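Q: There's a structure below that I have some questions on.
The values are calculated or read from the model by the stated rules, or taken from the named source; none is laboratory data. Keep in mind it's a predicted model, so treat the numbers as computed, not measured. Cβ sites come from the backbone with ideal geometry, for glycine too, and all protein chains shown count toward neighbours.
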Amino acid sequence: MHQQQPTDELTVEQAHEDFAAEVSYWREVRGDSKRGLALKMGFDPSYVSHIESGRHKPTEEFARQADKHLQAGNAIWQRYLAYETARRTGGGTAQPVPAQRHDMPYATGSALVVEHDQARLDYDGSSYRATMRRRLRNTGSEPITRYLIRISVDRYPGDPELSNAHYRANPLTWDELTLTATCRGEEMVWSAKHDRDAFKEVWLVFENSRGRFPLYPGESVWIEYAYTVSDTKWGCWFQRAVRLPTQHLQVQLAFPARLDPVVWGTETSMTAEASPLRTPPVRSEEDGARIFTWSTAAPALHARYRLEWRFRARPEPQEQVREFG
């Protein structure tokens with residue numbers, strides 16, 4: 001279950017929200033904090049935060065600077081042009097866009113803690129299936145009724161313009177994702193929060209047609225969700241971002257052994273450039289698959305762990321061999 005995006009003429013409000021979401025997406029991809037990006041661009045330290053929350057309207061100067069500094073391949077600039085078009089043509093109402101409500105803050109002080117985070121990516125030679133299992137604990141004082149997830153792909157991470165053009169022509173669709181989610185053995189319904197060509201934000205809701213099962217204060221529960229992406233839309237990388245206090249993180253990659261895969265990884269924080277993982281992925285063989293497992297205890301909040309690979313027995317086309325910028 002998900003909410004369909006409206007097909008009518010883009011309103012000022014929707015164009016404003018699309019711009020804010022695009023900035024947020026590329027900032028997360030590049031590993032910048034809101035304050036850090038604002039300072040790099042020469043803006044007030046709180047300016048990016050105000051843009052992403054909807055308190056400030058998009059401006060030409062900000063759009064150009066953000067696109068340049070985040071290497072967004074004109075994606076942010078295009079969102080700004082769409083906003084200007086909607087504003088000039090009077091799409092929707094001309095009222096200021098209200099600040100976006102932060103339903104579940106992903107920061108220190110959040111009521112939600114991840115006791116264990118297990119991510120596994122399986123490849124069958126033509127498509128990837130990502131399976132996420134998380135044990136969540138509600139440390140707050142109110143029931144939690146939904147959980148926000150993100151699905152982000154980038155076919156050519158070293159060339160944003162090429163990647164953006166690729167997804168404009170071949171957008172990621174809900175049908176191909178075949179997203180499923182469960183909790184306590186119960187199916188979870190879900191609704192789309194943001195639907196972009198290469199980026200989705202989804203609310204997993206603790207309910208289904210048979211009833212509701214909120215996560216109450218003091219309780220812990222496992223949730224699991226999974227989705228599929230063709231290798232024509234998935235680059236050779238898999239990144240885990242720590243958005244909630246997390247006690248243990250594990251990432252596992254399972255590839256056909258016949259492809260002779262090799263894997264390496266990097267770690268990035270808000271204050272440091274990308275550096276090699278402190279421990280290597282552990283390699284094992286099982287039923288014709290080569291499995292790489294990497295884990296860490298108490299990962300830093302806002303850290304990003306990125307695993308990359310190549311298949312030595314299947315050379316990639318020349319345009320796919322690029323450094324990650």
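Q: I'm trying to understand the selection: among the residues of the range 123-168, which are surrounded by 15 or more Cβ atoms within 10 Å (Cβ to Cβ), among the charged types (D, E, K, R) and farther than 30 Å from F213 by Cα?
A: Matches in the range 123-168: D154, R155, D159.
Q: Turning to a different aspect of this structure: Do any residues in the range 188-213 that are outside any strand (DSSP E or B) have Cβ atoms under 6 Å from those of residues that are of a type in the set (S, T, Y) and surrounded by fewer than 19 Cβ atoms within 10 Å (Cβ to Cβ), where the two are at least six apart or on different chains, and which pairs are they?
A: Hits for this filter: F206/T145.
Q: Let me ask another. Of the residues Y147, Y156, which single one is over 20 Å from H248 (Cα atoms), among the aromatic types (F, W, Y) and out of contact with any Cys (no Cβ under 7 Å at 6 or more places or on another chain)?
A: Among Y147, Y156, only Y156 is over 20 Å from H248 (Cα atoms), among the aromatic types (F, W, Y) and out of contact with any Cys (no Cβ under 7 Å at 6 or more places or on another chain).
Residue-by-condition table, conditions (1) closer than 22 Å to A72 by Cβ; (2) at pLDDT below 95; (3) small (G, A, S):
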position	(1), (2), (3)
R168	yes, yes, no
W174	no, no, no
T180	no, no, no
G185	no, yes, yes
W190	no, no, no
A198	yes, yes, yes
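Q: Here's something else I'd like to know. Just need a number here: residues in the range 28-79 that are of a type in the set (K, R), in a helix (DSSP H, G or I) and more than 15 Å from A198 (Cβ to Cβ).
A: Of the residues in that region, 5 qualify.
Q: Looking only at the range 111-167, count how many residues are of a type in the set (A, V, I, L, M), more than 23 Å from A303 (Cα to Cα) and not in a strand (DSSP E or B).
A: Residues that pass the stated criteria total 2.
Q: Then there is this: Out of F311, F292, I need the residue that is over 29 Å from T246 (Cα atoms) and of a type in the set (F, W, Y). Which one?
A: Within the list F311, F292, the selection yields F311.
Q: In this structure, is E273 within 30 Å of D18 (Cα to Cα), over 16 Å from the mean Cα position of the chain (by Cα) and free of Cβ contacts under 8 Å to residues at least 12 places away in the same chain?
A: yes
Q: Here are some conditions: (1) under 13 Å from E17 (Cα atoms); (2) at pLDDT 90 or above; (3) surrounded by fewer than 18 Cβ atoms within 10 Å (Cβ to Cβ). T59 meets all but one. Which one does it not meet?
A: (1)
Q: Here's a check for you: in the range 42-51, which residue that is crowded, with 18+ Cβ neighbours inside 10 Å and under 24 Å from E273 (Cβ atoms) is nearest to the chain's Cα centre (by Cα)?
A: V48
Q: If the requirement is being within 24 Å of F19 (Cα to Cα), under 15 Å from the mean Cα position of the chain (by Cα) and not polar (S, T, N, Q), which of these qualifies: D159, D154?
A: Every option except D154 fails the conditions.
Q: For the range 121-128, state whether one or more residues are within 16 Å of T182 (Cα to Cα) and in the same structural domain as P171 (by TED's automatic domain parsing).
A: Within the range 121-128 (the criterion being within 16 Å of T182 (Cα to Cα) and in the same structural domain as P171 (by TED's automatic domain parsing)), the answer is no, since none of the residues qualifies.
Q: Another one. For the range 143-160, indicate whether the set of residues that are modelled with pLDDT under 95 and acidic (D, E) is non-empty.
A: Scanning the range 143-160 turns up at least one residue that is modelled with pLDDT under 95 and acidic (D, E).
Q: Taking the residues in the range 23-51 that are acidic (D, E) and at pLDDT below 90 as candidates, determine which candidate is nearest to R150 (Cα to Cα).
A: Per the criteria, the residue is E28.
Q: Quick one: in the range 17-33, of everything that is crowded, with 19+ Cβ neighbours inside 10 Å and either among the polar types (S, T, N, Q) or touching a helix residue (DSSP H, G or I) at 6+ places or on another chain (Cβ under 6 Å) (or both), which residue is farthest from L81 (Cα to Cα)?
A: Among those that are crowded, with 19+ Cβ neighbours inside 10 Å and either among the polar types (S, T, N, Q) or touching a helix residue (DSSP H, G or I) at 6+ places or on another chain (Cβ under 6 Å) (or both), it is R27.
Q: Considering only residues that are of a type in the set (G, A, S) and part of a strand (DSSP E or B), look in the range 260-289 and name the one that is farthest from Q247 (Cα to Cα).
A: Selected residue: A289.
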